[in-house]
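This report refers to the structure that appears directly beneath it.
Since every read-out is calculated from the coordinates, none of them should be taken as a lab result. The model shown is predicted, which means the values in this text are computed figures rather than measured ones. Heads up, the Cβs are rebuilt from the backbone with ideal geometry, glycines too, and the neighbour counts pull from every protein chain shown.
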Amino acid sequence: MQLLKDRIRKDGTVKAGNVLKVDSFLNHQIDVELLEEIGKEFARLFKGVRCTKILTIEASGIAVACVAARYFNNVPVVFAKKSQSINLEGDSYVTKIESFTHKRVYDVIVSKKYLSSDDHVIIIDDFLANGCALMGLADIVKSAGATIEGIGIVIEKGFQNGGQIIRDMGIPLHSLAIVKSMDDKTGTVTFMDEE
């Protein structure tokens, strides 16, 4: 998605440790018009795919998933919580994930009220690095007996192994921008489909 790549180059910041900061338009301050285009693109890529729920994980995936849901006939968005709260009642699906960005392990939780064996799920998230978050979400979908119809990612770090792990599982994966390399000294980002 050229619009997204251009925005990453214009406003993204490359930090040491393979960190790509896009907080000025995607995961802290949000450019809603860009999110609209991202939602439309996910709908185009998953056209004809049965979807009854979109699943994501808090926090940065929520905005992307909600806007995308508008283009999937306003299906419900379910987000996995990273902590137990008094508002989370009844039985839940729980799995552990390790966050690349936060360098910690979370229990992620989805109430059994919101995911069942009747659901056809598209998982949407903002980033894919090592795949831990997606593996955790896939585990929750499997525990529910639901069907994963595909995964949509805004930015994939193609030089890390998460995308390959997901593709090797046979799950359709659509990433809107796949980063081939980043240089924190020059701030440059190259994408997989570029020479």
| note | Any lysines whose Cα falls less than 19 Å from that of K185, other than same-chain ones fewer than 8 residues away, would be K10, K15, K21, K157
| field | Candidates G152, G61, G48: whichever shows maximal mean-square fluctuation once the chain is modelled as a Gaussian network with Cα springs under 10 Å | value | G48
| Residue by residue through the range 43-57, which ³J(HN,Hα) values in whole Hz follow from phi under the Karplus form 6.51 cos²θ - 1.76 cosθ + 1.60 (θ = phi - 60°), with glycine and proline marked x? | 4, 5, 5, 9, 4, x, 8, 5, 9, 10, 8, 10, 10, 9, 10
| note | When the charge dipole of the range 33-177 is computed with +1 at the Cβ of Lys and Arg and -1 at the Cβ of Asp and Glu, the Cα pointing farthest to the positive end, of S111, V67, A177, is that of S111
| query | Tell me, how many Å apart are the Cα centres for the range 50-83 and for the range 155-189? | reply | 21 Å
| message | At R0 = 25 Å, how high is the FRET efficiency between I30 and N74 if r is their beta carbon distance? Nearest 0.05 is fine. | response | 0.80
| task | Treat every Asp and Glu Cβ in the range 46-195 as -1 and every Lys and Arg Cβ as +1, leave all other atoms uncharged, and give the resulting dipole magnitude about the Cα centre to the nearest 20 debye. | result | 300 debye
| query | At D193 and D6, where each label point lies 7 Å from the Cα along Cα→Cβ, what is the point-to-point distance in nanometres? | reply | 1.5 nm
| Calculated from DSSP H runs of 4 or more alone, at -39500 (n - 2.57) each and per residue, what is the 222 nm mean residue ellipticity of the chain, nearest 500? | -8500 deg cm²/dmol
| Principal axes of the range 18-72: Cα extent on each, largest first, Å | 34, 21, 21
| aspartates and glutamates within cross-link reach of K53: Cα-Cα under 14 Å, excluding same-chain residues under 8 positions apart? | D118, D119, D125, E149
